[in-house]
Amino acid sequence: MSNTENPYVPLKARIQKIIQETSSPDLDVKTYRLSFEDGRSLEFMPGQFVEFSVPGIGECPFGFASSPLTKDYFEITIKRTGKVTDKIHTLKEGDFVWIRGPFGNTFPVEKFEGSDLLFVAGGLGLAPLRPFILYALDDTNRKKYGKIDMLLAARTSSDHCFAYEYDEWRAKGASVNLTIDNPEPAWKGLVGFPHNLIKDMEFDFSKLYAFLCGPPIMIKFVQGSLKEMGMPIDRLYTTLEMRMTCGVGKCGKCNIGRQYVCVDGPVFCMAELAEMPTEY
Ligand SMILES: Cc1cc2nc3c(=O)[nH]c(=O)nc-3n(C[C@H](O)[C@H](O)[C@H](O)COP(=O)(O)OP(=O)(O)OC[C@H]3O[C@@H](n4cnc5c(N)ncnc54)[C@H](O)[C@@H]3O)c2cc1C
Ligand code: FES
């Protein structure tokens, strides 16, 4: 449910900080740290998204990328890909944008307590998983979860988002494994696709939940490998990016069968998706 009284009315937010996440020419990703001009904080949970608008240009949905436990700002990580995102990438610190939300469902974080967590991300797919990662690694929550493993894939070493945080995540007990598609001279991490590399990782499937986010082809193959290894499909989760307009279940732009991704998603269990028409 939206924080604003009327979910169609956006609130003015100031860009506090811009972080350039990637440096490869093919993938231009920046993180925008935002706070509302009227001082209110945005209450959200991992998995949710906002509608982000630039007046005169347009509005786009973006997932939260920051911790839900941070109250004085929130972050959105944006890839430059077209009309609206090109304009957003020209904005500077101190500029204003307009935000509606939060919208959508959340990762059911309490359901996973007592379990091991595996995060598999491809490129910018790490952004919507980061709120859950930061939530689970926070001192107040870390003991509620078991082992936390990550397999983070990117095309090149310059394309790993949030690389400045990985040491902190490791210090909090997470195993952060990085891979790139092809060898590079100075690269010390893994090389290869996540669906192959995951087969070398060890899991206790009786208490594992996995969260996959990235290109559909990556999700399909990683899901296949995990299933082969013994992972039940009802313990696999992903988040969908359908074309959206209203964000509140009214316009009908984001439906898959009878489900609206903006309200019934964007977080789905793979077992649930297996029952739905393959329109995503
Ligand atoms: C729930 C959700 C969360 C998302 N989270 C992120 C995120 O964290 N970071 C990020 O960079 N992107 C995210 N996206 C995708 C982002 O909304 C699109 O990249 C953006 O709308 C493209 O707008 P554009 O005008 O710059 O590009 P356009 O020139 O309009 O189009 C470029 C590409 O984006 C797709 N697209 C256009 N409009 C939408 C739309 N309204 N919804 C989905 N796809 C669209 C088009 O199919 C096309 O492939 C998310 C989408 C959804 C639905
Ligand atoms: S975006 Fe309008 S119904 Fe989902």
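Okay, residues lined up against (1) modelled with pLDDT under 90; (2) under 16 Å from residue 117 (Cα atoms); (3) of a type in the set (Asp, Glu):
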{"site": "188", "(1), (2), (3)": "no, no, no"}
{"site": "195", "(1), (2), (3)": "no, no, no"}
{"site": "201", "(1), (2), (3)": "no, yes, no"}
{"site": "204", "(1), (2), (3)": "no, yes, yes"}
{"site": "207", "(1), (2), (3)": "no, yes, no"}
{"site": "217", "(1), (2), (3)": "no, no, no"}
{"site": "232", "(1), (2), (3)": "no, yes, no"}
{"site": "243", "(1), (2), (3)": "yes, no, no"}
{"site": "257", "(1), (2), (3)": "yes, no, no"}
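All told, residue 211 falls short of being away from ligand 1 (no atom under 16 Å from the Cβ) and hydrophobic (A, V, I, L, M, F, W, C). Checked across the stretch 100-109, the condition of being away from ligand 1 (no atom under 15 Å from the Cβ) and not assigned by TED's automatic domain parsing to the domain that holds residue 126 holds for at least one residue. Among all positions in the stretch 223-231, there is no residue which is of a type outside the set (Gly, Ala, Ser), within 16 Å of ligand 1 (Cβ to nearest atom) and closer than 27 Å to residue 76 by Cα. If the condition is being buried (at least 17 other Cβ atoms within 10 Å of the Cβ) and in a helix (DSSP H, G or I), then the stretch 205-220 contributes 218, 219. When you look at residue 153, is it touching a Cys at 6+ places or on another chain (Cβ under 9 Å), surrounded by 19 or more Cβ atoms within 10 Å (Cβ to Cβ) and at pLDDT 95 or above, yes or no? So residue 153 fails the test. If only residues of the stretch 48-81 that are outside any loop (DSSP other than H, G, I, E, B) and among the aromatic types (Phe, Trp, Tyr) are counted, the one that is farthest from ligand 2 (Cβ to nearest atom) is 74.
For residue 272, the conditions (1) of a type outside the set (Phe, Trp, Tyr); (2) modelled with pLDDT of 95 or more; (3) not in a loop (DSSP other than H, G, I, E, B) all hold with the exception of (2).
Does residue 87 fit the bill of being open to solvent by 50 Å² or more (accessible area, probe 1.4 Å), within 21 Å of residue 166 (Cα to Cα) and more than 16 Å from ligand 2 (Cβ to nearest atom)? No, not satisfied.
Closer than 16 Å to residue 50 by Cα and without any contact (Cβ under 8 Å) to a residue 24 or more places away in the chain: which single residue out of 246, 254 fits that description?
254
Just one of the listed residues (109, 84, 97) is modelled with pLDDT of 95 or more and part of a helix (DSSP H, G or I), and it is 84. Within the stretch 239-271, count every residue that is closer than 22 Å to residue 215 by Cβ, under 19 Å from the mean Cα position of the chain (by Cα) and open to solvent by less than 30 Å² (accessible area, probe 1.4 Å). So the answer is 12.
Residue count for the stretch 221-238, restricted to those that are aromatic (Phe, Trp, Tyr) and either over 20 Å from the mean Cα position of the chain (by Cα) or open to solvent by 30 Å² or more (accessible area, probe 1.4 Å) (or both): 1.
The values are calculated or read from the model by the stated rules, or taken from the named source; none is laboratory data. Note that this is a predicted model, so its numbers are computed, not measured. Cβ: placed from backbone, ideal geometry, glycine included. Neighbour counts: every protein chain shown. The accessibility values were calculated without ligands, DNA or RNA, using every heavy atom of the protein model including side chains. Shrake-Rupley method; radii C 1.70, N 1.55, O 1.52, S 1.80 Å.
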